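Asker: Right, I'll just put the structure down here and ask away after.
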Amino acid sequence: MALIAIRDLTRIYELDAGRVVALDRVSLDIEDGELIAVMGPSGSGKSTLMNLIGCLDRPTTGAYRLRGVAVETLSANGLAALRNREIGFVFQQFNLLPRMDALGNVELPMVYAGIDRRRRREKALAALGRVGLAERAHHRPMQLSGGQQQRVAIARALVNAPSLLLADEPTGALDSRTAIDILALFQELNREGVTVVLVTHDADVARHARRVVRFRDGRIVDDLRQAPLDARDAVHARIAEAAE
Ligand code: ADP
Ligand code: MG
């Protein structure tokens, strides 16, 4: 069974100025364990697709099954529960709460999931360790670099052990070196079994995915597999260069 099975998914936004067909009869299967890049120009429907996959929005027509569950049949509560269990989100702008330290930010999804305080702390520290930020647990977002903030956001996305990570332009606000580090982290998580869907407009980022789906005007125009670059190679080359 595919992790994600999308059939003829259409999303139309009704505006005073008229209707916008953001997604136009899209069909797509994503299997457990994939690392897939979604590419396409601005306005081509990438974020609309991510919102639907992430159960943050409902399609106008069409069917979406997440791990066999017909998402359109779920109530708002059922949707939220499925989302909490299966999905972690990462965004371009990190979306961290500025008044909370890294630990507090990572604990947040567990507050909603009703996990007790001690267990929350344990799991949040473990998640921060997993992204290499154990030493920064008590720093606030403003006291962290962009790459570190994105790592905190990734730790937050991972803390309920989701099977699917949805990342919408996660390297869009980062310089290219930091972007490579974040890509290396996504690849590592993917090797550990997390399915990753990565929206990007950057071809260099997409080279790190095994599969690349391209959108134009709300439709899939290309779906190809490739031998991905290993981000660790670039990281190691940089470390070797710095040591010379
Ligand atoms: P992308 O992420 O590829 O840039 P989007 O999915 O954000 O594209 O947008 C696809 C189309 O839908 C665009 O024409 C955009 O203007 C429109 N759109 C996106 N979100 C909304 C919304 N909430 N209301 C109205 N139109 C929207
Ligand atoms: Mg977008």
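The values are calculated or read from the model by the stated rules, or taken from the named source; none is laboratory data. Values in this document were obtained by computation on a predicted structure and should not be read as measured data. All Cβ positions, glycine included, derive from the backbone under ideal geometry; neighbour counts span all protein chains shown. Ligands, DNA and RNA are excluded from the accessible area calculation, which covers all protein heavy atoms including side chains. Shrake-Rupley method; radii C 1.70, N 1.55, O 1.52, S 1.80 Å.
Asker: Arranged from highest to lowest average of other beta-carbon atoms within 10 Å per residue, in what order do the peptides 78-85, 98-105 appear?
Answerer: 98-105, 78-85
Asker: Determine the percent antiparallel among the DSSP beta bridges restricted to the chain, to the nearest 5.
Answerer: 55 percent
Asker: Per-residue HN-Hα couplings for segment 91-106, Karplus 6.51 cos²θ - 1.76 cosθ + 1.60 at θ = phi - 60°, whole Hz, x for Gly and Pro?
Answerer: 10, 4, 9, 6, 6, 8, 7, x, 8, 10, 6, 4, 4, x, 5, 6
Asker: With label points built 7 Å along Cα→Cβ from the Cα atoms of residue 236 and residue 138, find their separation and express it in nm.
Answerer: 3.7 nm
Asker: Still on this structure: Give the accessible surface of the chain per residue, rounded to a whole number of Å², with probe radius 1.4 Å and ligands, DNA and RNA excluded.
Answerer: Per-residue value: 50 Å².
Asker: Could you tell me which of 106, 92, 228 has its Cα farthest along the dipole of the chain towards the positive end, charges placed at Cβ (Lys, Arg +1; Asp, Glu -1), taken about the Cα centre?
Answerer: 106
Asker: Let me ask you something else. HN-Hα J couplings of segment 133-143 from phi, Karplus 6.51/-1.76/1.60, θ = phi - 60°, integer Hz, Gly and Pro as x?
Answerer: 10, 4, 6, 10, 4, 9, 8, 7, x, 4, 8
Asker: Evaluate Rg over Rh across segment 125-243, taking Cα atoms for both radii and Kirkwood's formula for Rh.
Answerer: 0.98
Asker: Next question. Given the options 75, 47, 145, state which has the largest fluctuation in a GNM of the chain using a 10 Å cut-off (strictly under) for Cα springs.
Answerer: 75
Asker: Scan around residue 139 for amide H atoms under 5 Å from its own, H built in the peptide plane at 1.01 Å from N, and keep only partners 5 or more places away or cross-chain.
Answerer: 102, 103
Asker: Right, here's the next one. Please sort by residue number the GluC sites (Glu not before Pro) in segment 1-89 whose DSSP state is loop and whose Cβ has at most 14 other Cβ atoms within 10 Å.
Answerer: Here the sparse-neighbourhood loop sites are 31.
Asker: Next question. Projecting each Cα onto the charge dipole of the chain (Lys/Arg +1, Asp/Glu -1 at the beta carbon, about the Cα centre), which of 75, 9, 195 comes out farthest on the positive side?
Answerer: 75
Asker: Summarise the long-distance tail of P(r) for segment 103-145 by giving the % of C-alpha pairs beyond 12 Å.
Answerer: I get 57 percent for the Cα pairs in segment 103-145 exceeding 12 Å.
Asker: Please compute, over every Cα-Cα pair in the chain, the percentage with a separation greater than 30 angstrom.
Answerer: 27 percent
Asker: Would you mind calculating the gained length between residue 226 and residue 100 on full extension (0.36 nm times residue separation, minus the Cα-Cα distance), in nm to one decimal?
Answerer: Full-extension gain reported as 41.3 nm.
Asker: Given Cα pairs under 8 Å that are at least 6 residues apart, what percent is the relative contact order of segment 88-145?
Answerer: Over segment 88-145, the number comes to 46 percent.
Asker: While we're here: Calculate, in whole percent, how much of the Cα-Cα pair population of segment 3-133 lies beyond 20 Å.
Answerer: 56 percent
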